[in-house]
Structures are given as structure tokens and as C-alpha cells.
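Heads up: the structure comes next, in C-alpha cells.
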Amino acid sequence: MTSPDLTHLFSPRSIAVLGASASSDKLGGQVFARLAASFRGELIAINPGESDIAGRRSVPSVEALPQPVDLLIALAPGERLVEAIERCPAGLVGFLLAIPSGFGEVAHDGPDLQQRLAAAARRAGLRVVGPNCVGLLNASIGLNASIIPLMPPGGSAGLGVATQSGGFGMALAMYAADSGMAVSCFCDVGNTVDISLADCLAHLAGDPATGVIGLYVESVRDLPSFTRALSAATTAKPVVVCPLARTPSGQAASLAHVGIPADGARLSNDLPAGAIVVHSGLDLLHAARALLWQGRPLRSKRLAIVTGTGGIGTEIADLAEEQGMVVPRFSARLTAAISRHLPAYAASANPVDLTPVWRDYPRLYPLVMAEIAASGEADLIAVSITDVPTTWPDLAESLARSVPALGLPVAVYWASRDADVANMAPLHAARIPTYRATRELALALGAIARHGTAGGGDAA
């Protein structure tokens with residue numbers, strides 16, 4: 001089955017908001033105000049009690065819209081929403097973004113209400129996202145068609161996400177704002193009465209603004225269609241998948257959330273080999289940021305570790321091998337080249353332990369990493385920065401200047417007090433992914449290694 005064209009869902013030329021309000025205390029007022037401040041196309045409010053909201057025209061009902069619209073955002077609750085779509089003339093609305101809950105995920109009248117909504121949408125010739133969702137974002141054009149207050153940064157090719165979790169959308173926005181990671185699109189398909197995760201996946205695979213795709217998945221109505229779309233997408237760009245509902249408890253929670261039977265264990269088993277699988281939303285975001293900032297084709301999965309403390313180097317080596325990387329012992333030639341820069345008692349064979357000559361780190365780290373890059377004996381570099389050198393920005397600034405010239409993916413473990421986190425800002429500004437746990441560092445580099453050696457599409 002061919003996926004629908006979602007161009008005018010993610011990039012609508014015209015929007016109407018059912019349930020728009022002039023009150024900033026109401027959700028309809030907040031959503032409409034954000035759209036009025038940023039959306040450049042035709043924007044119409046639907047509210048029988050208002051003739052003008054936020055300087056935009058208001059009409060009393062969907063059927064009173066003066067012309068067809070690409071996207072109808074519905075904030076009106078269950079029965080009111082269904083009745084509005086039942087009265088909607090055919091061809092007046094392209095897509096319905098049904099945000100309210102109270103449909104197939106609840107007992108009693110919910111499933112019947114959802115069936116009525118789907119039937120009314122088919123008669124009106126419109127496609128439905130939701131219900132029971134937070135909406136969608138297209139940060140590449142500044143569109144916030146959601147109840148998420150924060151717009152994540154767009155700009156360069158970013159992370160595109162499809163999910164059934166509105167909470168993950170809010171987490172995505174905050175993570176991106178804090179880290180500077182670009183986001184292209186986000187869509188919460190909710191109860192998936194019509195538009196599916198597979199449909200969104202096909203759109204993101206062809207979206208030039210999306211460099212990496214993220215899927216935070218609770219349940220899939222049509223598993224064969226989903227896996228076909230996923231297989232196709234992994235040939236175009238990196239895809240990071242977090243399958244939820246892997247346990248009986250998770251399956252029960254998911255059924256109560258979106259009203260669709262879930263089997264995350266089965267989904268995990270059916271994922272194509274090209275997908276990068278993680279097991280939490282935060283891991284998805286960490287892996288995606290590494291792929292966006294440092295992803296590239298690699299010859300193999302050889303990891304070099306540069307640290308100031310031997311114990312952390314050992315820990316990273318263990319975690320790296322668990323992520324499918326290898327930590328080779330350097331050749332005598334490379335070990336000698338590194339040793340020329342270090343104290344006589346330092347370890348140079350991989351992991352490289354610079355020892356606690358902290359004030360020399362801004363000079364030593366770049367020298368050692370340049371020797372490794374020039375040797376051809378490693379494909380990726382893990383850097384560990386702990387304790388004292390995190391208390392000033394000199395080392396981060398030195399790495400930010402030197403890493404781009406290495407030609408190898410680099411990620412950093414930053415072990416500092418909360419008070420000194422700001423000192424790692426130069427690393428983020430230079431698109432060097434930096435993490436505050438060794439497990440996160442290894443997972444991120446493992447994602448780069450798996451995709452970089454798989455022969456799939458490149459990240460941005």
C-alpha cells in the first residue's frame with residue numbers, strides 16, 4: 001500500500017483551529033496564540049462566541065470556513081469534535097489533527113466515539129492524526145501545531161520523530177533546547193485511527209530537513225507495513241527505534257494509554273537489521289544527537305579511549321565492547337608517538353591515560369588525539385574528562401578547536417559537579433556530543449559505529 005502524501009500535514013498552507021479561544025488561560029487560547037505569532041499562512045479560528053481572536057478571523061463552525069484548509073486542529077472534546085466532523089462538507093479539510101482524548105483508549109463510549117470519528121472523516125475525505133495526541137511540530141519552518149509550549153531549535157538537518165507519546169514530544173523539545181540538537185519534525189499519532197507510524201516514517205525518510213529518524217513506539221496496528229517502511233527508511237538515513245511494551249506490565253500500560261494491543265518483544269524481533277535499537281527515550285535522544293553531529297561512514301568499529309584516569313578508561317572499554325566496538329592495543333609505533341607527549345609513567349597503548357597533569361590537558365589531549373587520527377589505527381575516539389579539568393573551560397575550548405580537523409567521530413564523557421556543567425558548552429557548540437555517564441557515551445559511540453559500518457544512508 002502506498003503511503004499518503006503528508007506534505008500539507010507537516011507544511012500546511014492554511015490552518016483552522018476548532019476550539020480556539022481568546023483566553024490565555026485556556027488551551028485553545030495558548031495553542032492559537034502560538035500559531036498566530038509564527039504561522040505565515042492563512043489561520044482561522046473556529047469559535048461561535050468570537051468574531052476575532054488574536055487578530056485573526058473567527059467563524060462559528062467547521063462548515064462555515066470560507067475556503068478549504070490543509071489542516072484542522074481540533075481541541076474541542078469528544079462528542080463536539082465528532083459532531084463537527086460529521087457536519088464537515090467533503091473536500092473542505094485535508095487533515096484533521098485530533099488532539100482530545102476520551103476515545104478508543106477509554107472504556108464505555110470511547111471506542112464507539114472513535115469509530116464515529118473515523119467514519120465521519122472518511123465521508124468528508126479527510127485524513128486523521130490521533131485522536132488522543134499532543135499534535136505535531138515542524139521546527140524547520142517554525143510550525144507548532146501542538147500543545148507543547150516549547151519550540152525546539154530547527155535550522156540544520158535534525159531529528160525527525162514519530163511516536164504515540166505526547167510526553168516524549170515534550171521531553172524532545174526540552175532536550176533539544178538544552179543541548180542545541182536540531183529537530184526537523186515531530187508527530188504524535190496517538191490512537192492511530194488513520195495516519196500511522198509507517199506513514200510518518202515514509203514521510204521522514206524523504207524529508208530533506210530530517211537527518212536522523214527517531215521512533216518511540218508503543219504499538220503498531222499493521223506490523224508488516226511498519227517493518228516495510230522501516231526497512232526502506234534505514235537505507236536512506238539512520239533510524240533509532242525504542243520499542244516499548246516489552247513486558248506484560250508495559251503492555252497493560254500501553255493498552256490503557258492508546259487502546260491498541262501492544263507486543264514490544266515481537267516488534268523488537270521483527271525490526272530490520274539496519275535499525276538502531278535502544279530501550280529508553282533518553283537513549284534514543286543521546287544516540288540521535290551523536291549520529292547528527294558525528295555520524296559518518298566508517299571502515300570498522302575500532303575505538304580509541306583517551307582519559308585522565310585509568311579506572312574510567314577500563315570502564316569505557318568494557319561498555320564499548322558491550323556495544324559492539326573493539327578496543328585494540330595500539331602498535332608499537334603509535335604507542336611511541338603518543339609517549340613522546342606524555343609523562344614517562346603514563347599509559348599509551350589504549351586506553352591512553354594522561355595521568356593527572358591537569359593544567360597540561362588543553363595541550364596534551366589534542367596532541368594525543370591527532371597522533372591517533374593520523375595513525376589509521378582507530379575509527380572513533382572516546383574522551384573522558386573528569387573532576388578538576390571540568391572546573392575551567394580551557395580543555396573544552398581546546399577540544400572544540402581541534403576535534404573538527406581529526407576526521408574521526410569523537411564523543412566526550414564529562415564528569416563534573418552540576419555547578420561546572422556550563423564549562424562543557426564549547427563542546428556542544430562545536431557539535432561534539434558530550435554525556436554525563438559512561439554508559440551514555442558508549443551507547444552514542446556504538447550507534448555511530450553500527451550505522452557507520454552498515455553502509456546505510458548518511459546522517460546530516
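Across the stretch 19-25, coupling constants 3J(HN,Hα) worked out from phi with the 6.51/-1.76/1.60 Karplus curve, θ = phi - 60°, read x, 4, 9, 7, 8, 6, 7 Hz, and Gly and Pro carry x. Between G158 and residues 5 or more places away or on another chain, which pairs have amide H atoms under 5 Å apart, with H built 1.01 Å from N, and which residues are they? Answer set, sorted by chain and number: S184, T210, G211, V212.
Suppose the chain between D112 and R401 were pulled fully straight at 0.36 nm per residue; how much longer would it get relative to their current alpha carbon spacing?
Numbers: separation 289, 0.36 × 289 = 104.04 nm, distance 6.03 nm.
Taking 0.36 nm per residue and subtracting the Cα distance, the gain is 98.0 nm.
Can you pull out the trypsin sites (Lys or Arg not before Pro) in the stretch 322-357 that DSSP calls coil and that have at most 11 other Cβ atoms within 10 Å? Present the calculation step by step, with values, prior to reporting the outcome.
Values: sites: R329, R333, R340; in loops: R329, R340.
Here the trypsin sites (Lys or Arg not before Pro) that fit, given the DSSP loop and packing criteria, are R329, R340.
Couplings 3J(HN,Hα) of the stretch 185-202, computed from phi: 9, 9, 9, 9, 8, x, 6, 6, 5, 8, 4, 10, 4, 4, 5, 5, 4, 4 Hz, in residue order, whole Hz [Karplus 6.51 cos²θ - 1.76 cosθ + 1.60, θ = phi - 60°; x for Gly and Pro]. Label sites at R329 and R363, each approximated as a point 7 angstrom past Cα along Cα to Cβ, lie 3.1 nm apart. Match the structure shown to one of the listed values (1) 23.6; (2) 27.7; (3) 24.3 of Kirkwood radius over Cα pairs in Å, computed from it, and give that label. Answer by label: (1). The accessible-area ordering, largest first, of the residues K301, K26, K237 stands as K26, K301, K237, per a 1.4 angstrom probe. Shown here for the stretch 317-395: chymotrypsin sites (Phe, Trp or Tyr not before Pro) in loop regions (DSSP other than H, G, I, E, B) with at most 13 other Cβ atoms within 10 Å, namely Y345.
Check each of the trypsin sites (Lys or Arg not before Pro) in the stretch 390-460 and keep only those in coil by DSSP with at most 10 other C-beta atoms within 10 angstrom; list them in order.
Here the trypsin sites (Lys or Arg not before Pro) that fit, given the DSSP loop and packing criteria, are R417.
Remark on L143: its backbone amide H falls under 5 Å from those of N138, a criterion applied only to residues 5 or more positions apart or on other chains, H modelled at 1.01 Å from N. Here the 3J(HN,Hα) profile of the stretch 419-435, calculated from phi with Karplus coefficients 6.51, -1.76 and 1.60 at θ = phi - 60°, is 5, 10, 4, 4, 5, 8, 4, x, 5, 4, 4, 8, 6, 9, x, 10, 10 Hz, Gly and Pro shown as x. Using the Cβ-Cβ distance between Y345 and R439 with R0 = 35 Å, the FRET efficiency computed as 1/(1 + (r/R0)^6) comes to roughly 0.75.
Which FRET efficiency, nearest 0.05, do E63 and D178 yield, Cβ-Cβ r, R0 30 Å?
On the way: r = 44 Å, r/R0 = 1.46.
Once the sixth-power term is evaluated, E becomes 0.10.
Element breakdown for the chain at a 1.4 angstrom probe: carbon and sulfur atoms account for 53% of the accessible area.
The values are calculated or read from the model by the stated rules, or taken from the named source; none is laboratory data. Remember, it's a predicted structure, so these values are computed and weren't measured experimentally. Using ideal geometry, Cβ is built from the backbone for each residue, glycine included, and neighbour counts are taken over all protein chains shown. Please note that ligands, DNA and RNA were not included when accessible areas were found on the heavy atoms of the full protein model with its side chains. Shrake-Rupley method; radii C 1.70, N 1.55, O 1.52, S 1.80 Å.
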